Structure formats: structure tokens, C-alpha cells
Amino acid sequence: MKRDPPQPPSDGGEHPSGRLQEEGSSTAEGAPPKSPLWIFGYGSLVWRPDFEFTSRKVGYIRGYSRRFWQGDTFHRGSEKMPGRVVTLLEDYDGCTWGVAYELCGDQIAASLKYLNMREAVLGGYDTKLVKFHPQDKEGGEPLLALVYIATPQNPSYLGPASEEDIAAQIIVSSGRSGHNIEYLLRLADFMRYCCPQVEDEHLFSIEEALISVLPCLYHGEESLAEE
């Protein structure tokens, strides 16, 4: 399936918030964030951050793998039909690609306020400071970035399932931000166009399973229409 390359992010976003940690260590509560602050997005934030930023860099973090294990009953699903969105799983050999956004000055407070408000919608997210490695070798040294991670303790956490079952759930789910299919395909497009050297087996396997089923659904709808 050929799709247009993803455009630079301009609006939107679907990430809640929680506690601030640096590689698992709690920071001083109430301490003001330093400028600049970097935010790492690995899901919808890669194409739709919905906050002002100074610059952006494509790159990766180590020690985590991206998985469609988080349920979504608001943005990409409903209470009756929860969608599936990504979170991060601690994985010593893992590597997750995404986008880091640089926030400066007033952008920091405004962006964190927006992101913190998302917790009221989904809840159960932690925030951590992780080392981000820019894709561009001229992009500078690795830097610390804030990342939002859904925990297994949150009420919408779904956990592991086969790629086929995840694809089947995505196909029938839609929420206030759009269809769950769009979420999956946009994320796959980002990886394909912005990180062509990377093979995200989990993501692409779900995409493949979804695309293999879609023609069957369309054929079934056409048959019903003919009747």
C-alpha cells in the first residue's frame, strides 16, 4: 500500500503524563524544568505534537521497545471498543525510534500543561528522562529527553497479544482523534520514510496483518451492497 510521505508535525497529540524520573530515579518534586527541555515522542507525537516547539530531531532511545499494548477508549477507541496505541516496554536490547522536540522559554510551561492535562483522559502514565540519540550525526551529542510511558497499572493497559489480534482490534476501533487504522498507518509511514534503515518488526507485522484483512472487509461490504 503506497501512501504519501508524512508531513512535518504541526498539530494534535495523544499523550498523557505522570511522575518525572531520570532513568527510573525520581527527581525533586516541584523543581522547575530547565531550558531547553526536550520531549521524545514515539507514537502520535511523531506526526502531531499539538504544542509549539523550537526544533525537532529524528532519533532513537535505547533500553525500550515500542508495543501496541496500551488500550485507548478516548482518542482511538471507545468504552465498548477500545483501540490500541503504543507504549514502551523496558527491554535491555531494545531501541525505539521517534522524534525529540526542543522546547524553550514559555513553550515549556505551555507544553507541559497540555501534556499533563492528557492524564485526566487516560491516566496511568509515568514520565522519565531518557538519553536520546539524534539520527543525524551532525545533530549533536546525545541529550536527555522527557518521555511518557503507559504503565501496566493504568486502567486501560491491555498487554501483549498476537499481531493478528491487535490488527483485528485496530480495524474496528475509532475515537475522537480518528480511526485507529490511521494511527497505525501514520506511525508505520513515519518509520518507513524517516527511518528507512530500521526494521520495526512489531509495528510492520501488525500493519501487514491489517492490510491483509482489509480487502476481505471491503469485499464483504460490496457483497452486502449488491444484495
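The values are calculated or read from the model by the stated rules, or taken from the named source; none is laboratory data. On a predicted model such as this, the values are computed, not experimentally measured, just so you know. Positions of Cβ are backbone-derived with ideal geometry, glycine not excepted, and every protein chain shown enters the neighbour counts. For accessibility, only protein heavy atoms count, side chains too; no ligands or nucleic acids. Shrake-Rupley method; radii C 1.70, N 1.55, O 1.52, S 1.80 Å.
Okay, here's what the table says:
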item	result
Whole-number accessible area per residue in Å² for the stretch 69-115, which is evaluated in the context of all protein chains at 1.4 Å	44
Mean separation of Cα contacts under 8 Å, 6 or more apart, over the residue count of the stretch 45-93: relative contact order %	36
Carbon + sulfur, % of accessible area of the stretch 159-216 - ligands and nucleic acids excluded, 1.4 Å	53
Sorted peptide list for 169-182, 75-88, criterion being average Cβ within 10 angstrom, highest first	75-88, 169-182
Long pairs among K80/K113; K57/K113; K57/K80, criterion Cα-Cα beyond 32 Å	K57/K80
